[in-house]
Amino acid sequence: MANKTGGPKPPTKSEIMNNIAEATGLTKKEIAAVFEALTGEIEKNIATKGGPGQFTIPGLCKVVVKDRPALPKREVRNPGTGQMVWAKPRPASRQVKVRPLKGLKDMVV
């Protein structure tokens, strides 16, 4: 992944694990277990239809699932030619949105 801005590269997964391990005094295996548990909690809350459809990481972000309804076949205008053409129908889907909370917004300012 090329960094087009020329600035510093984002940390890799192992660098993140090492930094958290140093800051907390836990081992890298324990940190990996925490991330796996967090992933499991997120999946439990947003992946199933019976779940609440959202998960909040306190002070950082809220992960929300939105159900998008199906769209039927419809007539749309081709912007290049101005001619009316038929657009393919779109099936229903689930979309994931991540919204920053105040704590994360304050980090950027």
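Taken together, the values in this text are just the output of simple stated rules run on the coordinates, not laboratory data. Just so we're clear, the structure is a prediction, and the values are computed from it rather than from any experiment. Cβ: placed from backbone, ideal geometry, glycine included. Neighbour counts: every protein chain shown.
Things worth noting here:
- Number of the condition not met by Lys49 [criteria: (1) surrounded by fewer than 10 Cβ atoms within 10 Å (Cβ to Cβ); (2) farther than 30 Å from Ala92 by Cα]: (2)
- Strands (runs of 3 or more DSSP E) wholly inside the range 3-86 that include at least 3 residues being among the β-branched types (Val, Ile, Thr) and closer than 23 Å to Lys102 by Cβ: 61-68
- For the range 86-109, residues that are farther than 30 Å from Glu43 by Cβ and either loosely packed, with under 10 Cβ neighbours inside 10 Å or touching a residue at least 40 places away in the same chain (Cβ under 8 Å) (or both) total 3.
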